[in-house]
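Scroll down for the structure; my scribbles are underneath it.
The values are calculated or read from the model by the stated rules, or taken from the named source; none is laboratory data. This structure is a prediction, so every number in the text was calculated from the model and none was measured. Quick reminder, even Gly has a Cβ in these numbers, built from the backbone with ideal geometry, and neighbours come from all protein chains shown. Quick note on the areas: whole protein, heavy atoms, side chains included, nothing else; ligands and nucleic acids left out. Shrake-Rupley method; radii C 1.70, N 1.55, O 1.52, S 1.80 Å.
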Amino acid sequence: GYIPGTVEYPESEIYYNCTSMEKLVIGEGVDYVEYALYGTANAADWSLKEVVLPSTLSDMDSDFMYKTFNRVEKVTLSEQNKYYTFVDGVLFTADMTSLCWYPSSKTDVYYDVPDSVTYIYGYAFYNNPYLKYLDISCAATYLYAHTADSCKALEHIFLWIQFNRNPIIFLGKNVGQC
């Protein structure tokens, strides 16, 4: 599938029931992607293996990331993108203050969230079957709903609360159901 750069704001469900699509390229010029481009279709039915993100993409809805990236093998980000960055396979905002997505295919059993992170997106660690220990001893102030949902191997989430700083705010119903 291809979203041309002339479409600055692709609508959700534009690829509804396109379950045989293996590669999605979001063209230069697109700056925002919302929700799931395939709508309410079951992600498990998708054949999507690769997503390519442009340099112009400045905002992605967390639902888009978790529903679209859930089973992909590869996400490629334009090297010219000044809004997002990958560090050791994990997607962050370029300023490293938000952790956006931790791949379900990442095989590490321990992950230490970088100290610069203050916000962890909803479903950021969704469906990772390998992660056992998640250390959030960083400056994280906001943990969105379902941050570590469906991480079947997850045994411990370490939350180190420091005195003299803002409390952690849990946004939504729960951090995860393991």
Give the stretch 103-157 a look and list any residue that's farther than 23 Å from Thr85 by Cβ, modelled with pLDDT under 90 and among the charged types (D, E, K, R), or say none.
Asp149, Lys152, Glu155
Limited to the stretch 126-144, what total is found for residues that are in contact with a strand residue (DSSP E or B) (Cβ under 7 Å, 6 or more places away or on another chain), in a loop (DSSP other than H, G, I, E, B) and open to solvent by less than 10 Å² (accessible area, probe 1.4 Å)?
2
Enumerate the pairs (first residue in the stretch 127-153 and in contact (Cβ under 8 Å) with a residue 40 or more places away in the chain and closer than 15 Å to Val113 by Cα; second residue anywhere and open to solvent by 20 Å² or more (accessible area, probe 1.4 Å) and small (Gly, Ala, Ser)) with beta-carbon separation below 9 Å, excluding pairs fewer than 6 apart on the same chain, so at least 6 apart or on different chains.
Tyr144/Ser62; Tyr144/Gly172
Considering residues of the stretch 77-110 that are among the hydroxyl-bearing types (Ser, Thr, Tyr), open to solvent by 50 Å² or more (accessible area, probe 1.4 Å) and over 13 Å from the mean Cα position of the chain (by Cα) only, the residue nearest to Glu22 (Cα to Cα):
Thr107
Residue check, Asp95 at pLDDT 95 or above and either part of a loop (DSSP other than H, G, I, E, B) or not polar (S, T, N, Q) (or both)
yes
